[in-house]
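Taking it in order: structure first as structure tokens, then the write-up.
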Amino acid sequence: MGRFSLRILQILISPHLYKKIEECSANRWSNKKKGQFGRGLINNKEDPCKAERIGLLGEAALSEFINRKVDYEYKEGGSPFDFRLNNLKLDIKTAARNYGTGLIRAKSDKGFVIELQSDVYVFACVEEDDRENKKAIVILKGWLTKEEIEKCQIVPAKIGKHLNYECPHDKLNPIEDLKKHRKPE
């Protein structure tokens, strides 16, 4: 079970769920992508599916909070969003650690605008990822609407030539307000 605190929510990932996430992270469409970005910037020889696992840990944490199921099935091309809630498309962006800000790609390295596909973006980070004991702690930091993200500063990527929307954690809507948010009529 998660524990509420001010503006964040801590979710514990059990060994049983962690094992499922590890198994599914090896069978994601993203594993077929080529190049440095396609493979996942944080993937490496010792942990070849780290990026996919981190993303699924975030999905598992959010699913517990909003009482929805994670779609662990393989999908060619991936999924355009992670969950539906209150008629909204939700996407979760999970960082391997707390950087103090969330990043969403705004422009490709060739200068093409990357359209935001979801209505709401939830930001999370992994506080603990214990591969040996098969457990993790994920912090749900908060959320922003697509329109709020489009007003965020666009910054150069730290690695690569693309541009990102920079979404500081201290500017996020409180995670506990997410369940009340509805699509405007």
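The values are calculated or read from the model by the stated rules, or taken from the named source; none is laboratory data. If you're wondering where the values come from, they're calculated on a predicted model, not measured in any experiment. Cβ atoms come from the backbone with ideal geometry, glycine included; neighbour counts cover every protein chain shown. Remember, those area values only see protein heavy atoms, side chains included, never the ligands or the DNA or RNA. Shrake-Rupley method; radii C 1.70, N 1.55, O 1.52, S 1.80 Å.
Scanning the stretch 114-143 for residues that are closer than 13 Å to Ile54 by Cβ and open to solvent by 90 Å² or more (accessible area, probe 1.4 Å) yields Glu127, Arg131. Taking first residues from the stretch 59-73 that are in contact (Cβ under 8 Å) with a residue 40 or more places away in the chain and partners that are assigned to a loop (DSSP other than H, G, I, E, B) and surrounded by 15 or more Cβ atoms within 10 Å (Cβ to Cβ), the Cβ contacts under 9 Å between residues at least 6 apart in sequence or on separate chains come to Ala60/Val70; Ala61/Gly2; Leu62/Arg68; Leu62/Val70; Leu62/Asp82; Glu64/Gly2; Phe65/Gly2. So, of the residues in the stretch 17-47 that are modelled with pLDDT of 70 or more and open to solvent by less than 80 Å² (accessible area, probe 1.4 Å), which turns out to be nearest to Asp129 (Cα to Cα)? Among them, the one singled out is Tyr18.
Restricted to the stretch 79-94, and to residues there that are open to solvent by 30 Å² or more (accessible area, probe 1.4 Å) and of a type outside the set (S, T, N, Q), the residue that is modelled with the lowest pLDDT is Pro80. Of the numbered criteria (1) at pLDDT 95 or above; (2) in contact with a strand residue (DSSP E or B) (Cβ under 6 Å, 6 or more places away or on another chain); (3) open to solvent by 10 Å² or more (accessible area, probe 1.4 Å); (4) more than 15 Å from Leu85 (Cβ to Cβ), the one Cys167 fails is (3).
Filtering the stretch 95-115 to residues that are at pLDDT 95 or above and of a type in the set (Ser, Thr, Tyr) leaves only Thr101. Only residues that are more than 14 Å from the chain's Cα centre (by Cα), in a strand (DSSP E or B) and farther than 16 Å from Ile159 by Cβ were counted across the stretch 75-116, and they come to 4.
Checked against the criteria, Gly111 counts as farther than 28 Å from Ser14 by Cα, open to solvent by 20 Å² or more (accessible area, probe 1.4 Å) and of a type outside the set (Lys, Arg).
Would you point out which residue out of Ala157, Ala106, Ala95 is small (Gly, Ala, Ser) and under 20 Å from Ala61 (Cβ atoms)?
That would be Ala95, the only listed residue that is small (Gly, Ala, Ser) and under 20 Å from Ala61 (Cβ atoms).
Count of the stretch 117-158 residues, restricted to those that are within 26 Å of Ile21 (Cα to Cα) and assigned to a loop (DSSP other than H, G, I, E, B), is 7.
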